[in-house]
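Participant: Below is a structure I'd like to ask you about.
The values are calculated or read from the model by the stated rules, or taken from the named source; none is laboratory data. All values reported here derive from a predicted model rather than from experimental measurement. Methodologically, a virtual Cβ is constructed for each residue, glycine included, from the backbone with ideal geometry; neighbour enumeration extends over all protein chains shown.
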Amino acid sequence: MDNAKLTELYDTAKSWVFEAGEIIKRSFSNELTITYKSHAADLVTDMDKGIEQFFIDKIKNKYPDHEILGEEGYGDKVKDLDGTVWIIDPIDGTTNFVHQQLNFAISVGIFHDGEEKLAFIYDVVRNELFHCKAGEGLYLNEDKLPRLEETTLDKSVIGLNATWITPNPKIDHQLLLPLVRKSRGTRSYGTAAIELAYVACGRLDAYLTMRLSPWDFAAGYILIKEAGGIISDMNGEEVNVLGKTSIFAAKPSLHQEILGFISQGKDDNGQ
Ligand code: 2AM
Ligand code: CA
Ligand code: CA
Ligand code: CA
């Protein structure tokens with residue numbers, strides 16, 4: 001894809017993200033239809049579905065050969081990142097959307113022939129759009145943000161869900177205790193997209209989570225790389241963008257420091 005085409009795609013995608021944001025803002029005065037997916041904490045609203053359908057209609061109309069992977073399943077069965085692929089979470093942080101009407105975002109990541117190209121994470125209520133066109137730096141609205149600098153755990157604020165430091169079936173909950181003890185503090189926003197955007201812009205120094213799907217992290221993955229941060233899975237391995245995975249994003253040297261604690265914890269537990 002040449003630069004002119006990429007710029008056109010960037011401008012178009014950005015305008016649709018803003019348009020979708022307006023639809024969500026207007027919805028606050030209407031009653032929401034809320035249903036459960038797998039369990040009582042796994043909510044979906046008519047707005048999640050409506051916004052995903054909004055993007056699909058726009059994309060299929062203007063770019064019929066593009067593929068779309070969306071959380072609510074109205075897109076395509078995307079098997080690889082050949083061609084142009086949009087990975088969309090229409091509302092990331094649905095529980096917050098329902099309970100707070102705050103701390104949720106639209107997340108759109110666009111890949112072309114396997115390469116990360118464009119990303120948009122739009123905090124609709126705060127009017128904050130975190131975005132990038134690969135190679136041109138990370139932006140918050142109109143402002144270009146500095147690249148991420150190195151830091152140490154004792155000076156860091158870490159995004160972490162409390163679930164992972166209480167006994168749970170997925171990981172040894174002791175593993176992440178050093179982060180809670182040694183960092184300046186932990187935060188949990190309940191929206192992976194915003195937490196990843198916050199790492200990209202430096203509001204968080206790192207973010208760890210155990211199980212996300214492509215739509216939760218695709219745009220954040222692109223933003224963090226563009227900002228000079230490191231994003232991997234919990235073992236420090238390369239992320240499979242089309243798979244379910246743990247996610248560990250951090251400033252460069254901090255990523256290494258935290259990985260040390262994680263592997264040390266695993267050794268201590270004989271894992
Ligand atoms: P969602 O709001 O789009 O579902 C905190 O719940 C974060 O984890 C959110 O980013 C949420 O995305 C994501 N998440 C992923 N799988 C989830 C699930 N099964 N239930 C609730 N949240 C989930
Ligand atoms: Ca969901
Ligand atoms: Ca999500
Ligand atoms: Ca969602």
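Participant: Being buried (at least 21 other Cβ atoms within 10 Å of the Cβ) and not hydrophobic (A, V, I, L, M, F, W, C) is the filter here; which residues of the range 95-115 pass it? Walk me through how you get there before you give the answer.
Facilitator: Of the range 95-115, the ones buried (at least 21 other Cβ atoms within 10 Å of the Cβ) are 97, 104-111.
Scanning the range 95-115 gives S107, G109.
Participant: Please indicate, with yes or no, whether at least one residue in the range 173-190 is in contact (Cβ under 8 Å) with a residue 12 or more places away in the chain, in a helix (DSSP H, G or I) and surrounded by 24 or more Cβ atoms within 10 Å (Cβ to Cβ). Outline the logic, then answer.
Facilitator: The first filter runs over the range 173-190 and keeps only residues in contact (Cβ under 8 Å) with a residue 12 or more places away in the chain, leaving 174-180, 182-190.
With the extra rule that they be in a helix (DSSP H, G or I), the set shrinks to 177-180, 182.
Applying the additional criterion that residues be surrounded by 24 or more Cβ atoms within 10 Å (Cβ to Cβ) yields none.
No, the range 173-190 has no match at all.
Participant: Would you call Y63 of a type outside the set (V, I, T), surrounded by fewer than 21 Cβ atoms within 10 Å (Cβ to Cβ) and within 14 Å of ligand 2 (Cβ to nearest atom)?
Facilitator: Details: of a type outside the set (V, I, T): yes; surrounded by fewer than 21 Cβ atoms within 10 Å (Cβ to Cβ): yes; within 14 Å of ligand 2 (Cβ to nearest atom): no.
Criteria not met by Y63.
Participant: While we're on this one: Please find, among G50, G70, G83, G75, the residue that is touching a residue at least 60 places away in the same chain (Cβ under 8 Å) and of a type in the set (G, A, S). Explain how you work it out, then say what you get.
Facilitator: Details: G50 fails: touching a residue at least 60 places away in the same chain (Cβ under 8 Å); G83 fails: touching a residue at least 60 places away in the same chain (Cβ under 8 Å); G75 fails: touching a residue at least 60 places away in the same chain (Cβ under 8 Å).
It is G70.
Participant: Please find, among I68, I88, the residue that is within 11 Å of ligand 1 (Cβ to nearest atom), not assigned by TED's automatic domain parsing to the domain that holds G220 and not in a helix (DSSP H, G or I). Break it down stepwise before answering.
Facilitator: Numbers: I68 fails: within 11 Å of ligand 1 (Cβ to nearest atom).
Only one candidate passes the filter, namely I88.
Participant: Quick one: would you say E72 is within 15 Å of ligand 3 (Cβ to nearest atom) and touching an Asp or Glu at 6+ places or on another chain (Cβ under 8 Å)? It would help to see each step written out before you state the result.
Facilitator: Numbers: within 15 Å of ligand 3 (Cβ to nearest atom): yes; touching an Asp or Glu at 6+ places or on another chain (Cβ under 8 Å): yes.
Yes: the conditions hold for E72.
Participant: Follow-up question, since we're still on this one. Quick check on the range 196-215. Is at least one of its residues over 26 Å from H99 (Cβ atoms), of a type in the set (G, A, S) and part of a helix (DSSP H, G or I)?
Facilitator: No; the residues of the range 196-215 include none that is over 26 Å from H99 (Cβ atoms), of a type in the set (G, A, S) and part of a helix (DSSP H, G or I).
Participant: Return yes when N30 is in a helix (DSSP H, G or I) and either exposed (fewer than 11 other Cβ atoms within 10 Å of the Cβ) or touching a Ser or Thr at 6+ places or on another chain (Cβ under 7 Å) (or both) and no when it is not.
Facilitator: On the way: in a helix (DSSP H, G or I): no; either exposed (fewer than 11 other Cβ atoms within 10 Å of the Cβ) or touching a Ser or Thr at 6+ places or on another chain (Cβ under 7 Å) (or both): yes.
No; evaluated as a whole, the condition is false for this residue.
Participant: Which of the following residues is assigned by TED's automatic domain parsing to the domain that holds G70 and within 16 Å of ligand 2 (Cβ to nearest atom): N127, N96? Break it down into steps so the answer makes sense when it comes.
Facilitator: On the way: N127 fails: within 16 Å of ligand 2 (Cβ to nearest atom).
Just one listed residue meets the conditions, N96.
Participant: Any chance the range 76-85 includes a residue that's modelled with pLDDT of 95 or more and within 13 Å of ligand 4 (Cβ to nearest atom)?
Facilitator: no
Rundown of residues vs (1) β-branched (V, I, T); (2) within 16 Å of ligand 3 (Cβ to nearest atom); (3) modelled with pLDDT under 95; (4) not assigned by TED's automatic domain parsing to the domain that holds E136, yes/no style:
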residue: Q174; (1), (2), (3), (4): no, no, yes, yes
residue: K182; (1), (2), (3), (4): no, no, no, yes
residue: T186; (1), (2), (3), (4): yes, no, no, yes
residue: A200; (1), (2), (3), (4): no, no, no, yes
residue: L212; (1), (2), (3), (4): no, yes, no, yes
residue: S232; (1), (2), (3), (4): no, no, no, yes
residue: N235; (1), (2), (3), (4): no, no, yes, yes
residue: E238; (1), (2), (3), (4): no, no, no, yes
residue: L242; (1), (2), (3), (4): no, yes, no, yes
